[in-house]
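A.B. asks: Let me begin by handing over the structure; questions about it come next.
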Amino acid sequence: MSRSREDRTGDHRTDADGPTLSPFPAVAAFLLAWTVGVVDSTTYLRYGVFTSNQAGNLVIAATEIFPNPGGVTLPLLSLAGAIVGAAVGNLIALRYPATDLRRAVHPLTLATLLLIVTVGLDLGNVPAPVIIPVVAAAFGMLAVALMRTPAVGRWLTANTGQLLAAVIGVTEWRRDGWRGLPQAARAGVLIITGFLLGSFAVGTGLLAQHAIVIGLGPALVALALGFRALRHQPPPDGGH
């Protein structure tokens, strides 16, 4: 039986209520996490800055500001991009009721379009101060899309909080095994796994010089799953 929960607006729902990006929302979370792992690792190796792990950027900025003031530019640009992306994604999501799939799909769509723009910028050898905030904005929107999906309800990042949330979820393992875990717990495990596999693929050199282009693929698949689910969504009451 699904667990009930209460969101910030005070309404009660179960893990199965609300929008899901696919019949298997944790799979969509895994795909997006793989994209984030690939691109975040690539930008770090190339430019020494994260585009998803903003806590890491805060640490870089704080430690560089006195010995190397110029070294804080990219981390702060990434942080600013993520803030703008998350804010815009959330404003888009809030236009729809909690049970409307567009709440997740529309921020995901805009985020994917920004990633496509990023691919063009990368192939055109555009400087990092332009690429970094665009990627960070896209990831901010992706994070909102997953957080606004009740069956996932996790931020799209591999920070310590996400790791510990996945560990706590796994400790709820019962004799029903994987299927017995709450959807959010499964999503947390797969987000961490997807991120690590994406980072590993970059670290091994398997993706060569086209990591950002290849990293876009799973995001496109997740978006296609979202639109497929949107076509089967019952018309929302009152419409929007």
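A.B. asks: Evaluate segment 9-25: report whether one residue or more is surrounded by 15 or more Cβ atoms within 10 Å (Cβ to Cβ), in a helix (DSSP H, G or I) and modelled with pLDDT under 85.
C.D. replies: Within segment 9-25, one or more residues are surrounded by 15 or more Cβ atoms within 10 Å (Cβ to Cβ), in a helix (DSSP H, G or I) and modelled with pLDDT under 85.
A.B. asks: Quick check, is Pro97 outside any helix (DSSP H, G or I), under 30 Å from His232 (Cα atoms) and modelled with pLDDT of 80 or more?
C.D. replies: Criteria met by Pro97.
A.B. asks: Filter segment 139-197 for residues that are assigned to a loop (DSSP other than H, G, I, E, B), hydrophobic (A, V, I, L, M, F, W, C) and surrounded by 24 or more Cβ atoms within 10 Å (Cβ to Cβ); which is modelled with the highest pLDDT?
C.D. replies: Leu156
A.B. asks: Taking segment 117-134, which residues are in contact (Cβ under 8 Å) with a residue 12 or more places away in the chain and surrounded by 13 or more Cβ atoms within 10 Å (Cβ to Cβ)?
C.D. replies: Val117, Thr118, Val119, Leu121, Asp122, Ala128, Ile131, Ile132, Pro133, Val134
A.B. asks: Would you pick out the residues in segment 198-212 that are assigned to a helix (DSSP H, G or I) and crowded, with 16+ Cβ neighbours inside 10 Å?
C.D. replies: Within segment 198-212, Gly198, Ser199, Ala201, Val202, Ala211, Ile212 meet the criteria.
A.B. asks: Is it fair to say Leu77 is assigned to a helix (DSSP H, G or I) and closer than 28 Å to Gln209 by Cα?
C.D. replies: yes
A.B. asks: Something else about it: Note down all Cβ pairs under 7 Å where the first residue falls in segment 33-47 and is in contact (Cβ under 8 Å) with a residue 24 or more places away in the chain and surrounded by fewer than 24 Cβ atoms within 10 Å (Cβ to Cβ), the second is among the charged types (D, E, K, R) and in a helix (DSSP H, G or I), and they're at least six residues apart or on different chains.
C.D. replies: Taking only residues 6 or more apart or on different chains, not a single pair turns up.
A.B. asks: With Val72, Val59 as the choices, which residue is of a type outside the set (Lys, Arg), at pLDDT 90 or above, over 15 Å from the mean Cα position of the chain (by Cα) and within 20 Å of Gly161 (Cα to Cα)?
C.D. replies: On inspection, the qualifying residue turns out to be Val59.
The values are calculated or read from the model by the stated rules, or taken from the named source; none is laboratory data. Not measured: the values here are computed from a predicted model. Here the Cβ is made from the backbone with ideal geometry for all residues, glycine too, and neighbour counts use every protein chain on show.
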